[in-house]
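Asks: Sharing a structure, written as structure tokens. Questions coming.
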Amino acid sequence: MADSPPLPPDTAPDPRHTGARVWARAGGGVHTVGMQLQLAGEAQRPDRESEDFAAASPEALVLLDGSSSPAGMESGCRHGTAWYVRRLGVHLLARLTDRADRSIAECLADAIVETAALHGGRCDLGHPNTPAATVVAARRHGESLEYLVLGDSLLVLEFTDGPPRVIGDNQRFPDGEELRRQVWSTVPGSAERAALHLEYALAVRAARNRGDGPWIAAASPRAAGHAETGFVRLDGLRALAALTDGASRYTERFGLGSWADALRLLAEAGPAELIAQVRAVERADDRCERWPRGKAYDDASAVYALL
Ligand SMILES: [Zn+2]
């Protein structure tokens, strides 16, 4: 990339964040011009590795949110969740870009199998707490955008006409809602919260990827068959955003703006600014009193793509 022109000043990365702006374009013709993309991500705390992952090419994007487990909980894996989301993410991105003959769900299934093999023989992939992640994926496919969402990360589509469409949060766990409310009602940092959080995490792990509970990308390719997938024609689509739940707090939990407002902010100021605004609210309510929530701060990642 040594011969690339420097970024214009207004696209220089904000040094406060680990985000990057990737104004990537592919090809030259009308039908081969790729997406123009911006990505940003920030760990919940500066001293902690982010368990989110986002990556993109002009043709495809992936965004994953690793399922965090309470400290000390065994996983059967010596690699960890941050390792898992990075491997699954890059394998999925490779599949999306070079396997147009496979559906987007098949690409996820293939990437799960590839990532499972990378663990090697010393990890117990049958462990209920094996590393796992929610997934958002999208790619240009002919005249359409093909998408996939599994779990509580979100894909927000902005059309040339009409309101935005939000896809995701499709693996609810109704049996755990009461327990989840109890977790939220406790004092952050208290022993009571830690105990209830552990109880909730165990209940989720006992139920997921079993058939009747929620599905999540982990070690079994079967999960890919439970993702929400579809196609949207590119000629009616202006932009899209992919957000982990740490970033979708902007609209979903904090109500800083509507989805249309979030898309406008992403277009005008970029994903790092959206995350910065979420962080400002979290700092102002770090005891989770005004906005009850499981984590005062969460890993937050966002991808914005102009089509
Ligand atoms: Zn492992």
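The values are calculated or read from the model by the stated rules, or taken from the named source; none is laboratory data. It should be emphasised that the depicted structure is a prediction, and the values quoted were computed from it without experimental measurement. Methodologically, a virtual Cβ is constructed for each residue, glycine included, from the backbone with ideal geometry; neighbour enumeration extends over all protein chains shown.
Asks: Among strands (runs of 3 or more DSSP E) lying entirely in segment 192-307, which contain 1 or more residues that are surrounded by 22 or more Cβ atoms within 10 Å (Cβ to Cβ)?
Replies: In segment 192-307, the matching strands (runs of 3 or more DSSP E) lie at 237-243, 300-306.
Asks: Hey, among 47, 52, 65, 98, which residue is of a type in the set (D, E, K, R), more than 16 Å from residue 219 (Cα to Cα) and within 16 Å of the chain's Cα centre (by Cα)? Lay out the reasoning, then the answer.
Replies: On the way: 47 fails: within 16 Å of the chain's Cα centre (by Cα); 65 fails: more than 16 Å from residue 219 (Cα to Cα); 98 fails: within 16 Å of the chain's Cα centre (by Cα).
Step by step, each of 47, 52, 65, 98 is checked, and only 52 is of a type in the set (D, E, K, R), more than 16 Å from residue 219 (Cα to Cα) and within 16 Å of the chain's Cα centre (by Cα).
Asks: Next question, about the same structure. Looking at 109, 100, 133, 138 in this structure, which one is under 19 Å from residue 203 (Cα atoms) and of a type outside the set (Val, Ile, Thr)?
Replies: Working: 109 fails: under 19 Å from residue 203 (Cα atoms); 100 fails: under 19 Å from residue 203 (Cα atoms); 138 fails: under 19 Å from residue 203 (Cα atoms).
Exactly one residue qualifies, and that residue is 133.
Asks: Identify the residue in segment 115-129 that is surrounded by fewer than 17 Cβ atoms within 10 Å (Cβ to Cβ) and farther than 18 Å from residue 208 by Cβ and, among all such residues, is modelled with the lowest pLDDT.
Replies: Out of the qualifying residues, it is 121.
Asks: Here's something else I'd like to know. Being closer than 17 Å to residue 145 by Cβ, touching a Ser or Thr at 6+ places or on another chain (Cβ under 7 Å) and of a type in the set (A, V, I, L, M) narrows it down to one residue among 100, 60; which is it?
Replies: It is 60.
Asks: Can you find a residue in segment 278-294 that is modelled with pLDDT of 95 or more and more than 30 Å from residue 193 (Cα to Cα)?
Replies: Taking every residue of segment 278-294 in turn, none turns out to be modelled with pLDDT of 95 or more and more than 30 Å from residue 193 (Cα to Cα).
Asks: Touching a residue at least 40 places away in the same chain (Cβ under 8 Å) and basic (Lys, Arg): does that describe residue 181? Don't jump to the end; show me each part of the working.
Replies: Numbers: touching a residue at least 40 places away in the same chain (Cβ under 8 Å): no; basic (Lys, Arg): yes.
It is false that residue 181 is touching a residue at least 40 places away in the same chain (Cβ under 8 Å) and basic (Lys, Arg).
Asks: Filter segment 21-77 down to residues that are modelled with pLDDT under 95 and among the β-branched types (Val, Ile, Thr) and give me whichever is nearest to the ligand (Cβ to nearest atom).
Replies: This residue is 22.
Asks: While we're here: Could we say that residue 149 is within 15 Å of the ligand (Cβ to nearest atom), in contact (Cβ under 8 Å) with a residue 40 or more places away in the chain, out of contact with any helix residue (DSSP H, G or I) (no Cβ under 8 Å at 6 or more places or on another chain) and closer than 27 Å to residue 34 by Cα here?
Replies: no
Matching residues to (1) within 30 Å of residue 191 (Cβ to Cβ); (2) not aliphatic (A, V, I, L, M):
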{"position": "48", "(1), (2)": "yes, yes"}
{"position": "52", "(1), (2)": "yes, yes"}
{"position": "57", "(1), (2)": "no, yes"}
{"position": "71", "(1), (2)": "yes, no"}
{"position": "86", "(1), (2)": "no, yes"}
{"position": "91", "(1), (2)": "no, yes"}
{"position": "101", "(1), (2)": "no, yes"}
{"position": "105", "(1), (2)": "no, no"}
{"position": "117", "(1), (2)": "no, no"}
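Asks: Follow-up. Could you please tell me which pairs satisfy a Cβ distance under 7 Å, a separation of 6+ or placement on different chains, a first residue in segment 72-85 that is under 14 Å from residue 205 (Cα atoms), and a second residue that is polar (S, T, N, Q) and more than 8 Å from the ligand (Cβ to nearest atom)?
Replies: 73/129; 74/129; 75/69; 75/129; 76/129
Asks: Right, here's the next one. Would you confirm, using the coordinates I've provided, whether residue 137 is in contact (Cβ under 8 Å) with a residue 60 or more places away in the chain and in a strand (DSSP E or B)?
Replies: Numbers: in contact (Cβ under 8 Å) with a residue 60 or more places away in the chain: yes; in a strand (DSSP E or B): yes.
The answer is yes for residue 137.
Asks: May I pose another question? Of the residues 97, 115, 130, which is within 10 Å of the ligand (Cβ to nearest atom), assigned to a helix (DSSP H, G or I) and not hydrophobic (A, V, I, L, M, F, W, C)?
Replies: Exactly one of 97, 115, 130 is within 10 Å of the ligand (Cβ to nearest atom), assigned to a helix (DSSP H, G or I) and not hydrophobic (A, V, I, L, M, F, W, C), namely 115.
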